[in-house]
Amino acid sequence: MPIICSKCRSANAEVQIPYAKLNLCPCCFTDFYKARVRRTVEEFKMFREDDAVGVAVSGGKDSAALLQVLRLAYPSLELKALHINLGVPEYSTHCQQKVEKLANMLNVELHVFSLPEELGMGIGDFEKTPFKGKLCSACGTIKRRIFEKLAIKAHVRVLATGHNLEDVAGVMFNNFLYGRWEQFVRLKPVLPPLAKGMASKVKPLIKCPENENMLYCLYNDIPFREIDCPYADEIGVRKRAKILEFLSRDNPYFRHQLLSRFLEIMPIVEGITQKPELSQCKVCGFPSLSEVCAFCRRIAMVKEAIGKI
Ligand code: SF4
Ligand code: ZN
């Protein structure tokens, strides 16, 4: 016997939302997803209806769902898509094609920064540096700074990223366990601009589980990448996912509860965490913890390794 959608009571349900005790048809699931993103944006005052928002789109399902749902939920938003081509053979071309297709579909302006074209390197060149074996860490630093630059270039006040519930709750949990309070605080749903003229950072999908982002893309014909980055730190990600899966086994609310508790204690943690003193990087001029920022140090490291300095 097919299960009937708990909302419209007419179509067959295809999606089970255990933590909300709902069985939904694709149409009602899309409404449910969109309403939750709107609620999240409003709860954390992420932006105004007519703001200028840049979405960091990687080509993956999370950021693709984010760009589409923001277009749908906020038609008067000045929305821009920001993409970094990391210069990973095959993978980066594939991702950029998906992003271009999506931006076209939604009629959203796209800004691309190409690592090979603009810096003469690819993320794989970190294999020739002490970052060999931990490319994702170097890549994270590079992407963070380039998205900040793209946000300035695209004149957006807010930079939205596709971090999902598992990303945030999982990493917060890890930082909590190891007492890494500075990193814990950095996972807040809204981060103010680092300096004047820079964008604030927001995470509108913070309450959306990963599988729902995937379903949202599939039900709404949203293009997203079908191949994985060859440098992905699968072991680390799977280890984190496994812990969360184990803890969620008998409690479908677990991930949401974990996130809620972490958000509750966030002001206390912020109060006891020393705010880092930022100065200006003497190479790029961006806010930095040291004389030369982590981004510039890493780029110099690669250029030296590939003989471009
Ligand atoms: Fe960068 Fe790692 Fe993601 Fe590849 S998997 S794009 S190296 S962060
Ligand atoms: Zn710098």
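Let's see if you can work this out: charge +1 on each Lys and Arg Cβ, -1 on each Asp and Glu Cβ, no other charges. What is the dipole magnitude of the chain about its Cα centre, in debye to the nearest 20?
Approximately 540 debye in magnitude.
Between Asp31 and Glu277, what is the FRET efficiency for a Förster distance of 45 Å, r being their Cβ-Cβ separation, to the nearest 0.05?
0.45
If amide hydrogens are placed 1.01 Å from N in the peptide plane, which non-local residues have theirs closer than 5 Å to the one on Val55?
Hits under the 5 Å cutoff: Lys80, Ala81, Leu82, Ala160.
Using all C-alpha to C-alpha distances in segment 47-153, build P(r) with 5 Å bins and read off the rounded percent in each one.
For segment 47-153, the binned pair fractions read 2, 12, 22, 23, 18, 11, 7, 4, 1, 0 percent.
Where the centre of each part is set by its Cα atoms, how far does segment 58-96 sit from segment 196-245, in angstrom?
Cα centres, segment 58-96 to segment 196-245: 12 Å.
If you take the charge dipole of the chain about its Cα centre, with +1 on Lys and Arg Cβ and -1 on Asp and Glu Cβ, which of Val69, Trp181, Cys27 is farthest toward its positive end?
Working it through, the farthest residue towards the positive pole turns out to be Trp181.
So if each residue of separation counts as 0.36 nm, and I subtract the Cα-Cα distance between Lys45 and Trp181, what length gain in nm does that give?
Full-extension gain reported as 46.6 nm.
What distance in nm separates the two pseudo spin-label positions at Lys303 and Met1, each 7 Å out from Cα along the beta-carbon direction?
Each label point lies 7 Å from its Cα, and together they span 7.0 nm.
Among Lys61, Lys282, Lys80, which one shows the highest mean-square fluctuation when the chain is modelled as a Gaussian network with alpha-carbon springs under 10 Å?
Of Lys61, Lys282, Lys80, the most mobile in the Gaussian network model is Lys282.
When DSSP assigns beta bridges and you keep just the ones with both residues in the chain, what percent turn out antiparallel, to the nearest 5?
Among the beta bridges of the chain, antiparallel pairing accounts for roughly 30 percent.
Quick one: how many Å² of Val15 are accessible to a 1.4 Å probe, rounded to 10?
Here the accessible area works out near 10 Å².
Please calculate the 1.4 Å probe accessible area of Met266, with all protein chains present, and give it to the nearest 10 Å².
10
With unit charges on the beta carbon (Lys/Arg positive, Asp/Glu negative), name the residue among Val55, Ile84, Met105 whose Cα is farthest towards the positive pole of the charge dipole of segment 47-117.
Looking along the dipole axis, the top candidate is Met105.
For the chain, which whole-number percentage of the solvent-accessible area (1.4 Å probe, protein heavy atoms only) is attributable to carbon and sulfur atoms?
54
Within a Cβ distance under 12 Å of Glu226, other residues only, what is the Lys/Arg minus Asp/Glu net charge?
Taking every Cβ under 12 Å from that of Glu226, the sum is +1.
Largest first, what is the accessible-area ranking of Ser114, Ser290 with a 1.4 Å probe?
Ser290, Ser114
When only the heavy atoms of the protein chains count and the probe is 1.4 Å, how do His94, His83, His163 rank by accessible area, highest first?
His163, His94, His83
Quick check: pseudo-label points 7 Å beyond the Cα along Cα→Cβ at Ile227 and Lys128, how many nm apart are they?
It works out to 2.2 nm between the two label points.
Which order do Tyr178, Tyr33 take when ranked by solvent-accessible area (1.4 Å probe, heavy atoms of all protein chains), largest first?
The ordering from most to least exposed comes out as Tyr178, Tyr33.
Tell me, what is the 1.4 Å probe accessible area of Ser76, in Å² to the nearest 10?
Result for Ser76: roughly 80 Å² accessible.
How large is the helix-only mean residue ellipticity at 222 nm for the chain, computed as the sum of -39500 (n - 2.57) over DSSP H runs with n ≥ 4, divided by its residue count, in deg cm²/dmol to the nearest 500?
Result for the chain: -15000 deg cm²/dmol, rounded to the nearest 500.
Mind putting a number on the dipole of segment 108-216 about its Cα centre? Charges go on the C-beta only, +1 for Lys and Arg and -1 for Asp and Glu, and I need it in Debye to the nearest 20.
480
Size of the dipole of segment 262-309 about the Cα centre, Lys and Arg at +1 and Asp and Glu at -1 on the beta carbon, nothing else charged, in debye to 20?
The dipole of segment 262-309 has a size of about 380 debye.
Residues of segment 34-276: accessible area per residue at 1.4 Å, in Å²?
Computed with neighbouring chains in place, this is 50 Å² per residue.
List the chymotrypsin sites (Phe, Trp or Tyr not before Pro) in segment 225-309 that DSSP assigns to loop (not H, G, I, E or B) and whose Cβ has at most 12 other Cβ atoms within 10 Å. Which are they?
Tyr253
The values are calculated or read from the model by the stated rules, or taken from the named source; none is laboratory data. From a predicted model like this one, the values you see are computed outputs, not experimental measurements. Positions of Cβ are generated from backbone atoms using ideal geometry, with glycine treated the same way; all protein chains shown enter the neighbour counts. The area values use the complete protein model at the heavy-atom level, side chains included, leaving out ligands, DNA and RNA. Shrake-Rupley method; radii C 1.70, N 1.55, O 1.52, S 1.80 Å.
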